[in-house]
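Here is the structure we will look at, set down as structure tokens.
The values are calculated or read from the model by the stated rules, or taken from the named source; none is laboratory data. Remember, predicted model here, so these are calculated numbers, not experimental data. Neighbour counts run over all protein chains shown; Cβ positions are idealised from the backbone, glycine included.
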Amino acid sequence: MAIKKAISAGTGRRKTATARVTLVEGSGKWTVNGVALEAYLPSEALRDYLKQPVAISGYDMEKVDVVVSAKGGGIAGQAGAIRHGLARALVAADETTRASLKKAGCMTRDSRMKERKKPGQPGARKRFQFSKR
């Protein structure tokens, strides 16, 4: 089998999830961690969410395959990381799409993470019950 040529790549992050997205010459197949996208993400809403950069940029996805390596976090966090990485890969492939993707918020990393637990407390914000006497 011939080795497919990589067109561009991008790394996306959300919460604790990280996704490396690579666009390679192909026929429009999506694979995430070696599994088809439909099998990896059963939710139609998450699939539509991560395909937003493609719809916004108008890039022809029929001639490229999307290969994703996703790690960490949960399904929703990984979908957000894939979306971010895909937007970065599309900009690397075609610089003219940057303005429209940035305006739509696809180029911005969603930095919301779980707040750490502080010492001497039961949780991040929760305090032990106050006792006057």
Report summary line: Note: among Ala89, Ala99, Ala76, just one is assigned to a helix (DSSP H, G or I), without any contact (Cβ under 8 Å) to a residue 40 or more places away in the chain, touching a Leu at 6+ places or on another chain (Cβ under 9 Å) and among the aliphatic types (A, V, I, L, M), namely Ala76
Query raised in the report: Say we look at the range 18-37 and pick out the residues that are within 12 Å of Ser69 (Cβ to Cβ) and without any contact (Cβ under 8 Å) to a residue 12 or more places away in the chain; which of these is surrounded by the most Cβ atoms within 10 Å (Cβ to Cβ)?
Result: Val35
Query - Which numbered condition Ala70 misses (of (1) more than 20 Å from Lys102 (Cα to Cα); (2) at pLDDT below 95) - result: (2)
Report summary line: The lone condition Arg47 fails out of (1) out of contact with any helix residue (DSSP H, G or I) (no Cβ under 8 Å at 6 or more places or on another chain); (2) without any contact (Cβ under 8 Å) to a residue 60 or more places away in the chain; (3) of a type in the set (Lys, Arg); (4) surrounded by 12 or more Cβ atoms within 10 Å (Cβ to Cβ) is (1)
**Report entry** Failed item in (1) over 17 Å from Cys106 (Cβ atoms); (2) exposed (fewer than 15 other Cβ atoms within 10 Å of the Cβ), with Tyr40 passing the rest
**Finding:** (2)
Query raised in the report: What number of residues within the range 58-73 satisfy the criterion of being outside any loop (DSSP other than H, G, I, E, B), closer than 18 Å to Arg47 by Cα and more than 11 Å from the chain's Cα centre (by Cα)?
Result: 6
Requested in this report: Select from the range 1-17 the residues that are under 17 Å from the mean Cα position of the chain (by Cα) and surrounded by fewer than 20 Cβ atoms within 10 Å (Cβ to Cβ) and list them in ascending order.
Outcome: Ser8, Ala9, Thr11, Arg13, Lys15, Thr16
Query raised in the report: Name the pairs whose Cβ atoms lie under 6 Å apart, with the first residue in the range 53-70 and touching a residue at least 40 places away in the same chain (Cβ under 8 Å) and surrounded by fewer than 19 Cβ atoms within 10 Å (Cβ to Cβ), the second part of a strand (DSSP E or B) and of a type outside the set (Ser, Thr, Tyr), and 6 or more positions between them or separate chains?
Result: Asp65/Val24; Ser69/Arg20
